[in-house]
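S.K.: Below is the structure I would like to discuss, written out as structure tokens.
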Amino acid sequence: MKAVEVAVRDASGLDNSLVGVALMRKAFQPHQNGKPGGPLADAGAEGGEQEAESALFAGAMGRYKNPSSHRTVDFADPIEAAQIIQFADLLLRQVDRARARNS
């Protein structure tokens, strides 16, 4: 999940002072009432979808990245560990898509 955090920061151009959940919320902040959203938010998507993407990335950081950043996390189940890696890969694909959309 650290790779996801780094990719989001790089693609969004946001400052290094933003980390984890706060970074995801800022990068994917939905467009509202004619106001621009975060740099990676999909302006073409419906508002609920934009909010869901923001929540998905923020939730991934809160659940899978933050705990291992602050303490030792024991993944006793290798299948679960592999699934988390696959989830991170899916998120990285979405970051690539957002980067392409904004180019």
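The values are calculated or read from the model by the stated rules, or taken from the named source; none is laboratory data. Everything numeric in this text was worked out from a predicted model, so none of it was measured. Methodologically, a virtual Cβ is constructed for each residue, glycine included, from the backbone with ideal geometry; neighbour enumeration extends over all protein chains shown.
S.K.: Can you spot a residue in the range 62-74 that is closer than 21 Å to VAL6 by Cα, in contact (Cβ under 8 Å) with a residue 12 or more places away in the chain and of a type in the set (A, V, I, L, M, F, W, C)?
M.R.: no
S.K.: Going through PHE57, PHE28 one at a time, which residue ends up being surrounded by 13 or more Cβ atoms within 10 Å (Cβ to Cβ), touching an Asp or Glu at 6+ places or on another chain (Cβ under 7 Å) and under 13 Å from LEU91 (Cα atoms)?
M.R.: PHE28
S.K.: Going through ASN66, ASN16, ASN33 one at a time, which residue ends up being surrounded by 13 or more Cβ atoms within 10 Å (Cβ to Cβ) and either within 16 Å of ARG99 (Cβ to Cβ) or polar (S, T, N, Q) (or both)?
M.R.: That would be ASN66, the only listed residue that is surrounded by 13 or more Cβ atoms within 10 Å (Cβ to Cβ) and either within 16 Å of ARG99 (Cβ to Cβ) or polar (S, T, N, Q) (or both).
S.K.: To continue, here is another question. Name the pairs whose Cβ atoms lie under 7 Å apart, with the first residue in the range 29-44 and farther than 17 Å from SER12 by Cβ and at pLDDT 95 or above, the second surrounded by fewer than 20 Cβ atoms within 10 Å (Cβ to Cβ) and not β-branched (Val, Ile, Thr), and 6 or more positions between them or separate chains?
M.R.: Going by the 7 Å Cβ cut-off, there are no qualifying pairs.
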